[in-house]
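What follows is calculated from the coordinates using simple rules that are stated; it is not laboratory data. A quick note: this is a predicted structure, and the numbers were derived from the prediction, not measured. Here the Cβ positions follow ideal geometry from the backbone for every residue, glycine too, while neighbour counts run over all protein chains shown.
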Ligand SMILES: C[S@@+](CC[C@H](N)C(=O)[O-])C[C@H]1O[C@@H](n2cnc3c(N)ncnc32)[C@H](O)[C@@H]1O
């Protein structure tokens, strides 16, 4: 594993533990959030590949596949689909519920991708980016592992009201400004192809109010 990935070792361990605990209730607990992410992925794929969806990619890599909600949308465009997750508990649910995957791998998806450089022309990371404080390392690792012309689709919670990145007080999820995401993508060498904004889940605010979270699903490409 690269030094950069090792720096994040405590985050990966915490996520593995947390999602192992959440796995049995994830589908009920994350109902709206989960569907919004998978639907946004589907919308972006439809928009970009509406005339040649089936099997347009030889292989896709679902980074942080969880219980497998993105399997159906990804298998539409990929001949082979690998689902990778830190949590054995989440993968257990996926293997029972999501028949679209050809392969499941337990482990850090970024390390697995680095070991299989060039093997996956499509990488998806849905509902993963809000777990990290800064996406640079993820963008850079994925860009290095993609073949030229390869595509990454990911979503992120966005703060459209200001240029600041914020952290939700309750869930601890990170929300980035769109300008910040654009700058971090450029720094990693990824070119923006398409971006779809949508309303994600409702969150509780201090004082009992509820507010929708704005999210964006991005399709980006490693230039040829
Ligand atoms: C909020 S869930 C999303 C699951 C699924 N993509 C969905 O949209 O329903 C986040 C998942 O990402 C996994 N994850 C986060 N970082 C990861 C990494 N570096 N490698 C593999 N899995 C990761 C977690 O274990 C968790 O199962």
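Structure summary
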| read-out | value |
| --- | --- |
| Rel. contact order, % - alpha carbon contacts under 8 angstrom, at least six apart, the range 27-151 | 24 percent |
| Calculated FRET value between residue 166 and residue 28, using beta carbons and R₀ = 22 Å, to 0.05 | 0.20 |
| Additional length obtainable on full extension of the chain from residue 47 to residue 214, 0.36 nm per residue less Cα span | 58.1 nm |
| Estimated inter-spin distance, residue 183 and residue 115, nm [label 7 Å along Cα→Cβ] | 3.6 nm |
| Relative contact order computed over the chain (Cα-Cα under 8 Å; 6+ residues apart), in percent | 18 percent |
| Mean-position separation - Cα centroids, the range 151-199 and the range 82-108, in angstrom | 26 Å |
| Footprinting exposure proxy for 220, 166, 158 (fewest neighbouring C-beta atoms within 10 Å first) | 166, 158, 220 |
| Sorted by Cβ neighbour density within 10 Å, fewest at the top, the residues 140, 222 | 140, 222 |
| Global form of the range 72-219, assessed from the alpha-carbon gyration tensor, a/c cut-off 1.5 | oblate |
| Ordering of 146-157, 189-200 by packing [mean C-beta count within 10 Å, highest first] | 146-157, 189-200 |
| In range of the label at residue 79: residues from the range 43-72 whose backbone nitrogen is under 18 Å from the point 7 Å along Cα→Cβ | 52-62 |
